[in-house]
Amino acid sequence: NAGVTQTPKFQVLKTGQSMTLQCAQDMNHNSMYWYRQDPGMGLRLIYYSASEGTTDKGEVPNGYNVSRLNKREFSLRLESAAPSQTSVYFCASSESGTGQETQYFGPGTRLLVL
Amino acid sequence: GENVEQHPSTLSVQEGDSAVIKCTYSDSASNYFPWYKQELGKRPQLIIDIRSNVGEKKDQRIAVTLNKTAKHFSLHITETQPEDSAVYFCAARRTGFQKLVFGTGTRLLVSP
């Protein structure tokens, strides 16, 4: 099992450009999450999907959109990138409703917006 | 909403010493408290977790304690080793919710 995978690993954008970060998991998990990690700020939740077909805002959703494409895939889109969105983005997944709440993280995408 | 505060932000110890990291949470309805370890350039990984019906949990050199009345929980690492050097994050989850709220992290440096 690959676990949680993310593409790309690294991306440089110019202000105003758009891009989509891809995430996939092969653990048959119901729930998926997108976080951003900034120095001194910890992990902040952008959006999450408790189950296929549902998405909800987290702490810092402004400037982002998400799509739960199917049970395996959860993408994060930046429509018009801003320098404030320079960060490391982590996708995670977890089982739900079974008492197994462990969130498994992907390797991260490092995004630089110039 | 839930707020999790974590202290200290950095912690330096000598190999073999113990290390303690403390977190406080605001939502009394929180019932699940995991700890994640993140090595430099790597992804966060769960190292131990505790639920609100338990006061303490141990796994070899690491332990977590929970004080529900005071709304704080702590990570204890004994006999620290250089490979324990990493950033540690605490988190809390409210009953009935999927999402975790993370603390801001503690950078632990274990010197040989």
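What distance in nm lies between label points placed 7 Å from Cα along the C-beta direction at residue B:53 and residue A:110?
4.4 nm
Ranked by Cβ crowding within 10 angstrom, fewest neighbours first, how are A:38, B:59 ordered?
Least to most surrounded, the residues fall as B:59, A:38.
Bin width 5 Å, origin at 0, all Cα-Cα pairs of the protein assembly as shown: what percent of pairs per bin?
With a bin width of 5 Å, the distribution comes to 1, 7, 15, 18, 19, 16, 12, 8, 3, 1, 0.
With a point put 7 Å past each Cα toward its Cβ, work out how far residue A:51 is from residue A:2 in nm, to one decimal.
2.7 nm
Once you average over the residues of A:29-41, how many Cβ atoms of partner chains fall within 10 Å of each Cβ?
For peptide A:29-41, the averaged partner shielding equals 2.
Stokes-Einstein diffusion coefficient for chain A at 4 °C in a medium of 1.567 mPa s, Rh from the Kirkwood formula over Cα pairs: what value in µm²/s?
92 µm²/s
How far, in nm, would the chain grow between residue A:65 and residue A:12 when pulled straight, counting 0.36 nm per residue and subtracting the alpha carbon separation?
Between residue A:65 and residue A:12, full extension yields an extra 17.2 nm.
In what order do A:36, A:68 fall by count of nearby beta-carbon atoms within 10 Å, going from fewest to most?
A:68, A:36
Please report Rg over Rh for chain B, where both radii come from the alpha carbon positions and Rh follows the Kirkwood definition.
0.96
Quick one: net charge of residue A:89's neighbours, Cβ under 9 Å, K/R +1, D/E -1?
Spelling it out: positives minus negatives among the neighbours equals +2.
Can you give the average number of partner chain beta-carbon atoms within 10 Å of each beta-carbon in peptide B:42-54, as a whole number?
Neighbouring Cβ atoms belonging to other protein chains average 3 per residue here.
Here, each number is a calculation from the coordinates, and none is a lab measurement. Quick caveat: nothing in here was measured; it's all calculated off a predicted structure. When we count neighbours, we look across all protein chains shown, and the Cβ atoms used for this are built from the backbone with ideal geometry, even at glycine.
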